[in-house]
Amino acid sequence: MQRYFVEKEQFEHDKVRVLGEDARHIGKVMRGRPGDQIIVCDGAGRVALAELESIEQGEVLAGVLEELEDRSEARVRVSIAQSLPKGDKLETVIQKCTEIGAHAFVPFLSERTVVQYDAKKEEKRLQRWSKIAKEAAEQSHRSRIPELSQPLTYRQLLQSFERYDLVLFCYEKEDAKQLRDLVRPFAESCAEGASSVLVVVGPEGGFTEKEAETAAAAGASITGLGRRILRAETAGMTALACILYEAGEMGGV
């Protein structure tokens, strides 16, 4: 069943209004008719089954039939901090990690980032990234859209570490500590409550040794991701899936 995200204010008692592009999608693409049913989410945990009542240009009115249980969101909130990669690679990261279950995305600039940062262009890119996250959340039947922050400097990223219960800094030169060694005991210790994890992934050229040292000093756990070197756009997806598996969110124990 088709799923749409709306603002909280679009819920009005036992009615909900779907506006703009989503309304046009219902009317033009899905060829919706009164009596058809959709699922509507407010992005904050409310999920409802609704029946279409009227379809106008740019606005669809539906009646709420039933409040549904929110069961699609992971108990462990995993955010992906990704150093800005070249081209559209970050779009792939956002799309696929949203499907897997990422809680938020934190783009940042590191020493080997090759993308030339332009605040005006990044604002447009942020809008596109948000749209990709929304569409991926709808496709994967999530009840929340992952948060997207403005790109941070490396120093700002380090300062944010204190907000998380665990920070995993993915570093290809780390051999002693691998992801499972850090995630499994953490998942066991937080089995009874929600927790937050930040996965930090470098650019195409990886992190410098100095960056790894400053990350460790700021509280991050330096970790490897196995014997193979992963692409920048692959590392975050791999770490996310492993963390959610160990936390029991993907069939783990």
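Loop-located trypsin sites (Lys or Arg not before Pro) across segment 11-88 with a Cβ neighbour count of 11 or fewer within 10 Å are 31, 71, with loop assigned by DSSP.
For the residue pairs 15/134; 8/89; 121/173, the C-alpha atoms sit more than 27 angstrom apart in 8/89; 121/173. Dipole of the chain computed with +1 at Lys/Arg Cβ and -1 at Asp/Glu Cβ about the Cα centre; of 149, 84, 244, farthest Cα towards the positive end is 84.
Reducing segment 38-81 and segment 219-253 to their Cα centroids gives an inter-centroid distance of 29 Å.
Applying the criteria of a DSSP loop state and at most 11 other Cβ atoms within 10 Å to the GluC sites (Glu not before Pro) of segment 1-83 yields 7, 69. Centroid-to-centroid, using Cα positions, segment 1-27 and segment 121-183 are 28 Å apart.
Relative contact order, percent, of the chain when contacts are C-alpha pairs under 8 Å separated by at least 6 residues? Don't jump to the answer; show the numbers that get you there.
Numbers: 479 pairs, mean separation 50.5, N = 253.
The value is 20 percent.
Loop-located GluC sites (Glu not before Pro) in segment 91-146 (DSSP state not H, G, I, E or B) with no more than 15 neighbouring Cβ atoms inside 10 Å: 111.
Rounded to the nearest Hz, the phi-derived 3J(HN,Hα) couplings of segment 55-64 under the Karplus curve 6.51 cos²θ - 1.76 cosθ + 1.60 (θ = phi - 60°) are 10, 10, 5, x, 8, 10, 9, 10, x, 6, where x marks glycine and proline. For residue 169, the residues whose amide H sits under 5 Å from its own are 200, 221, 222, 223, ignoring neighbours fewer than 5 places away on the same chain, with H placed 1.01 Å from N. Coupling constants for segment 9-14 follow from the phi torsions by the Karplus curve (6.51 cos²θ - 1.76 cosθ + 1.60, θ = phi - 60°), and in residue order they are 5, 7, 7, 10, 6, 9 Hz; glycine and proline get x.
For residue 207, the residues whose amide H sits under 5 Å from its own are 172, ignoring neighbours fewer than 5 places away on the same chain, with H placed 1.01 Å from N. Amide H to amide H distances under 5 Å link residue 6 with 41, 42, 43, where only residues 5 or more positions off or on other chains count and H is placed in the peptide plane.
From its DSSP helices (H runs of at least four residues, each -39,500 (n - 2.57)), the chain gives a residue-normalised ellipticity at 222 nm of -9500 deg cm²/dmol.
The numbers here are math on the coordinates, done by the rules we state, and not lab data. The structure presented is a predicted model; accordingly, all values stated were derived computationally and were not measured. Don't worry about glycine lacking a Cβ; one is built from the backbone with ideal geometry, like all the others, and counts go over all protein chains shown.
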